[in-house]
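The next block holds one structure in the form of structure tokens; read it before the comments.
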Amino acid sequence: MIAFGGPEKTPLLGRSFPRSKRASRQTVNRPLQALQSAKAVVAGATGGVGREIVKLLLAKNVPTTALVRDPAAAAGKLPSTERGLTIVKGDVYRSDTLPAAVQGSNVMLIATGINPAKDPWGPYTVEFQGVRNLLRCGKDAGILKVILVSSRGVDFFPLNVFIGALFFKKRGEEAVQRSSIDYTIPHLKPSSGPR
């Protein structure tokens, strides 16, 4: 079971993250019991953090949809679809590809990431515009909770000189905070690369 809510911490998959500073207006009115039967969609499911999120959700028997750009490549990286995983093709920067992945879910986990050296526009298109696209689609689909996996250092200006990757990650956080959907934003320590 995935539990959400509580005054101090929001347990997710056996780990506690600080609760968001500002709860959405709908948090008070919307009963959180609906999340006891969670169905999750994970954007960025084939990345290092995304794969771990998918594994943890499936271990908790949460039906999970992985939003991926290349389903054939994802099939080799993600657990078997026999365990309750659905793999759906889509791109966060193309909003017309998102409804099929989000439909029927009530929890959205966003673990997207980009390598600015490979795509200089990536931080803008994925970390900001992609998050906004996911939020719009999630609101239309009735998503009750958004968990945006972010990074430590988004508020530390010198780190933003690296082609603005963290600058646009922070803009994505702000979009989540302005949305009408309840949210949690854990800030993970940046890794030194794939494991």
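The values are calculated or read from the model by the stated rules, or taken from the named source; none is laboratory data. Since this is a predicted model, take the numbers as computed values, not measurements. Every residue, glycine as well, gets a Cβ built from its backbone with ideal geometry; the counts of neighbours run over all protein chains shown.
Every residue, every condition in (1) at pLDDT 85 or above; (2) out of contact with any Phe, Trp or Tyr (no Cβ under 9 Å at 6 or more places or on another chain), yes or no:
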{"residue": "Gly138", "(1), (2)": "yes, yes"}
{"residue": "Ala165", "(1), (2)": "no, yes"}
{"residue": "Val176", "(1), (2)": "yes, no"}
{"residue": "Pro190", "(1), (2)": "no, yes"}
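It is to be established whether one or more residues within the range 57-76 are assigned to a loop (DSSP other than H, G, I, E, B) and β-branched (Val, Ile, Thr). Outline the logic, then answer.
Initially, the range 57-76 is screened for residues assigned to a loop (DSSP other than H, G, I, E, B), giving 60-63, 69-70.
Filter again for β-branched (Val, Ile, Thr), leaving 62.
Yes, some residue in the range 57-76 is assigned to a loop (DSSP other than H, G, I, E, B) and β-branched (Val, Ile, Thr).
So that you can scan it fast, the table gives a plain yes or no per residue for (1) more than 16 Å from Lys170 (Cβ to Cβ); (2) touching a Gly at 6+ places or on another chain (Cβ under 9 Å); (3) outside any helix (DSSP H, G or I):
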{"position": "Ser105", "(1), (2), (3)": "yes, yes, yes"}
{"position": "Asp119", "(1), (2), (3)": "yes, no, yes"}
{"position": "Val131", "(1), (2), (3)": "no, yes, no"}
{"position": "Gly138", "(1), (2), (3)": "yes, no, no"}
{"position": "Ile147", "(1), (2), (3)": "yes, no, yes"}
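Can you work out which of the residues in the range 77-100 that are part of a loop (DSSP other than H, G, I, E, B) and farther than 21 Å from Lys139 by Cα is nearest to the chain's Cα centre (by Cα)?
Start the filter on the range 77-100 by keeping residues that are part of a loop (DSSP other than H, G, I, E, B), which leaves 78-80, 84, 90-94, 98.
With farther than 21 Å from Lys139 by Cα added as a condition, the list becomes 78-80, 84.
Numbers: Leu78: 16, Pro79: 18, Ser80: 21, Gly84: 19 Å.
Step by step, filter the range 77-100, then rank; the result is Leu78.
If you check Gly44, Gly104, Gly130, Gly90, which single one turns out to be at pLDDT 90 or above and either surrounded by fewer than 13 Cβ atoms within 10 Å (Cβ to Cβ) or in contact with a Lys or Arg (Cβ under 7 Å, 6 or more places away or on another chain) (or both)? Write out each step before concluding.
Numbers: Gly44 fails: either surrounded by fewer than 13 Cβ atoms within 10 Å (Cβ to Cβ) or in contact with a Lys or Arg (Cβ under 7 Å, 6 or more places away or on another chain) (or both); Gly130 fails: either surrounded by fewer than 13 Cβ atoms within 10 Å (Cβ to Cβ) or in contact with a Lys or Arg (Cβ under 7 Å, 6 or more places away or on another chain) (or both); Gly90 fails: either surrounded by fewer than 13 Cβ atoms within 10 Å (Cβ to Cβ) or in contact with a Lys or Arg (Cβ under 7 Å, 6 or more places away or on another chain) (or both).
One residue alone meets the criteria, Gly104.
If Thr97 satisfies every condition in (1) in contact with a helix residue (DSSP H, G or I) (Cβ under 6 Å, 6 or more places away or on another chain); (2) buried (at least 16 other Cβ atoms within 10 Å of the Cβ) but one, which is the exception?
(1)
Look at Asn106 and say whether it is free of Cβ contacts under 8 Å to residues at least 24 places away in the same chain and under 19 Å from Lys145 (Cα atoms). First the steps, then the outcome.
Working: free of Cβ contacts under 8 Å to residues at least 24 places away in the same chain: no; under 19 Å from Lys145 (Cα atoms): yes.
No: the conditions fail for Asn106.
What about Leu159, is it modelled with pLDDT under 75 and in a helix (DSSP H, G or I)?
Numbers: modelled with pLDDT under 75: yes; in a helix (DSSP H, G or I): yes.
Yes: the conditions hold for Leu159.
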